[in-house]
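All remarks here apply to the structure that follows.
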Amino acid sequence: MIRNILLYGEDIQKKREEIKEYFLQVYETYEKLFEILKSDEVFYKKANPLRHPLIFYFGHTATFYINKLILAKIIKKRINPTFESIFAIGVDEMSWDDLNDQNYEWPSVKEVRLYRNEVKKNVLHLIETLPLKLPIDWKSPFWVILMGIEHENIHIETSSVLMRELQIEYVKPHKDFPICKTSANAPKNELLALPGVKVIMGKSFDSDDYYGWDNEYGSKEEFVDDFKASKYLVSNEEFLEFVENGGYEKEEFWSDEGKRWLSFKKAKHPTFWVKAGDTYRYRTIADIIDMPWNWPVDVSYLEAEAFCNYLSKKLNKPIRLPSEAEYYRLYEYVKVPDISKWKEKAPANINLEHFASSAPVDKFKFGEFYDVIGNVWQWSCTPIDGYEGFKVHPLYDDFSAPTFDGKHNLIKGGSFISCGNEVLKSARYAFRRHFFQHAGFRYVESKKVIKTDVEKYEDDMELTKYIEQCYSKEYLGIKNYHKEFSDYVLKFVKDKKKERAFEFGTLAGRVGFELAKEYKKVHSLDFTARLIQFAVNLKKSGKLKYILKDEGDIVLFKEIYLSDFDFAEVKERVEFWQGDMANLKPNFKGYDLVVVNDAITRSYNPKKFLIEIDKRMNDEALLVISSSYDWDEKITSKDKWIGSIKKNGENFHTKEALKELLESRFELLDEGKMIPCVTRENSKNFSYKNIEVLIWQKR
């Protein structure tokens, strides 16, 4: 297995070949993984009721390349717009995911295989022809290629977990994914001391050797107190004591979240243990084998936390999961060698270099400890958050930010199937606490209490100004645009059917909530996941906490509440979705009102939306378009602008172009209404624009 690609080098052509080989290895490994499924019919099975069927994940990694290349303006033409819509979003249990199968018509496996082949050809062509400068950085077109490769590495792992959750009759062992054949009784675990030290986490934007996800950049310093850590990962045998002593039945060991999970799951033992009479067997990805008692146990965070509480009571010691900083300390204390120093075989059960399963917990030694990396991921007690200096990568704005919610805990160290970026010390992956990965844990003894609850203020002030724009009362004597706009639109629908409404350009959700006062169902979309997250959080928790610029380094902390806007009673009528105006999912249809809220200039192809939108609308439905016509070639290439150009030597305004585009299908009811919109940049600086509103009725 290729271990990773260095971002620097001297020979451009050699680097192209390295990237090409790495791409092919990862792409083809992913496809081989799906050969574990016994038949094409299994692609349509759900391994987990909260996730899509496997056909989604088979298509998802390929469509990711195309969607990101389109967004980066590296390519202009899609391969299959339908696939690139239905396979685009829905990996994690994000609040705007749609897991209703009635909204999807999944293509055949053969069609998806052919599609994957087309994507492979296109990516290989780009690797051979795109301009390449070394070192590769965030702005390089090759960063997008590496992003696609590392994204697929993630899904090699997560898809293998879903296969492990499938019923055993749906899968079969595969020669390219051999499991470990060695097992025995487990060694007795013990706690070993580590002295405290200052730990520096994070990496620089300017000087790192390998591709990284945005949450890895920035810096954080933390002093780690003296602590003790378990010599081994917790084995199946060590965990058995917890099971046999009624650990799953005793609420005292479980957090409130853990109790809710137990009530839902009815778990009595780890999910990959298979009850067999008075003992247990063990589920690998594609087989059930005799219980390997000296392999690490696979559990969710909630189970690992409960075990630590049990052990803490038994030993009368402060036992818990390690923090991210404590994991860093352990990693550095035992001097895990840099990946560049690895010999023919990795020094751990990682990167698929040894097994496609776990292995004994006493097989891979690092100093006095074992499995500091590899075998299974290690749960930490640290909820993921950005380091100081964190920046969202503009081409993948929902990779990290939606997980900064206090509900996703970091896992460290990698598993047997972790590849590429996942094997690095700097890797920061986080999952919801009830999720299953190939993840286990080691425990620590420490009196230090780690803060694990997160109720953070939204602090991306380039975005929080839109929360303020949506929910402020007025600025400079000018009333709130979103309220004025909503009231104006609702005047036109008094005597009309008000079942379903659609809005694109939701920002932080104000118009969606306002429409829900009149409509039974509202779908409110935006392209930017981070903006949607604001609306989702407000709907879910009833409040939003956010930071605004005052001046310089001085900030203001603000909170808003749904109850302040009379939205609490109608919030369930509105659903917030991330979506692409130019490539909407097929289930968005049957609307009595469609609102495009100052969004046509924020799409790379708004004309496509407007050409097709009437097919998603009921007879006599209203189409409302508001815009300040502030076209930007960085967002919309000029050949996709709607007006605002010279045509036949004359000025051709957007309003005229809209009329030309829509008049055969829509009647213009109202034109020329201007509503001012004020955006607060800081306490002394405000931006102002007039937004024109046009209201049409479908003929």
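Structural remarks
- Take the Kirkwood radius over Cα pairs of the chain, plug it into Stokes-Einstein at 37 °C and 0.692 mPa s, and you get 120 µm²/s for translational diffusion.
- Between the alpha-carbon centres of region 426-490 and region 521-554 there is a gap of 7 Å.
- GluC sites (Glu not before Pro) restricted to region 472-567 and DSSP loop, no more than 14 other C-beta within 10 Å: Glu499
- Between 0 and 90°, nearest 10: helix 481-491 axis offset from the chain longest Cα axis: 60 degrees
- For the pair Glu612 and Lys139, a Förster radius of 35 Å applied to the C-beta separation gives a FRET efficiency near 0.60, rounded to the nearest 0.05.
- In order along region 668-685, the phi-based Karplus estimate (6.51 cos²θ - 1.76 cosθ + 1.60, θ = phi - 60°) of 3J(HN,Hα) comes to 7, 8, 8, 9, x, 5, 10, 10, x, 10, 10, 10, 7, 8, 7, 5, 10, 10 Hz; Gly and Pro are listed as x.
- Mean silhouette area of region 473-556, derived from the convex hull of its C-alpha atoms and averaged over all directions, reads 7.1 nm².
- Applying the criteria of a DSSP loop state and at most 14 other Cβ atoms within 10 Å to the trypsin sites (Lys or Arg not before Pro) of region 107-172 yields Lys133, Lys139.
- Residue-span extension gain [Glu671 to Ile289] - 0.36 nm each, minus C-alpha spacing: 130.4 nm
- Region 277-323: mean projected area of Cα convex hull, nm²: 4.9 nm²
- Close amide H contacts of Asp670 (hydrogens built in the peptide plane, cut-off under 5 Å, sequence separation of 5 or more or a different chain): Ile695.
- Under-21-angstrom lysine pairs by C-alpha in region 335-424, whenever the two are 8 or more apart or on separate chains: 16
- Long-range amide H partners of Cys381 with built H, under 5 Å: Ser323, Glu324
- Degrees between helix 12-33 axis and first principal axis of the chain (Cα, 0 to 90, nearest 10): 80 degrees
- For region 603-691, the list of chymotrypsin sites (Phe, Trp or Tyr not before Pro) that fall in a loop by DSSP and count at most 12 other C-beta atoms within 10 angstrom is empty.
- Intensity falloff of region 461-698 expressed as log10 I(q)/I(0), Debye formula with alpha-carbon point scatterers, at q = 0.14, 0.17 Å⁻¹: -0.91, -1.34
- Hull volume in cubic angstrom per residue (convex hull over the Cα atoms of region 12-170): 113 Å³
- Here the spin labels are modelled as points 7 Å beyond Cα on the Cα-Cβ line, and at Lys265 and Tyr8 they lie 4.4 nm apart.
- Here the extension length gained between Lys20 and Asn685 equals 234.5 nm, from 0.36 nm per residue of separation less the Cα-Cα distance.
- The length gained by stretching the chain between Lys646 and Glu572 to full extension, at 0.36 nm per residue less their Cα-Cα distance, is 22.0 nm.
- Rg of the Cα atoms in region 191-445, relative to 2.2 N^0.38 Å, amounts to 0.99.
- The label-point distance for Asp564 and Lys520, in a model that sets each label 7 Å from Cα toward Cβ, rounds to 3.3 nm.
- Between helix 324-333 and the chain: long-axis angle, C-alpha atoms, 0 to 90°, nearest 10: 40 degrees
- Distance between the modelled labels on Lys341 and Asp639, one decimal in nanometres: 5.3 nm (7 Å Cα→Cβ projection).
None of the figures in this text is laboratory data; all of them are computed from the coordinates on show. If you're wondering where the values come from, they're calculated on a predicted model, not measured in any experiment. Here Cβ is always computed from backbone atoms with ideal geometry, including for glycine, and neighbour counts include all displayed protein chains.
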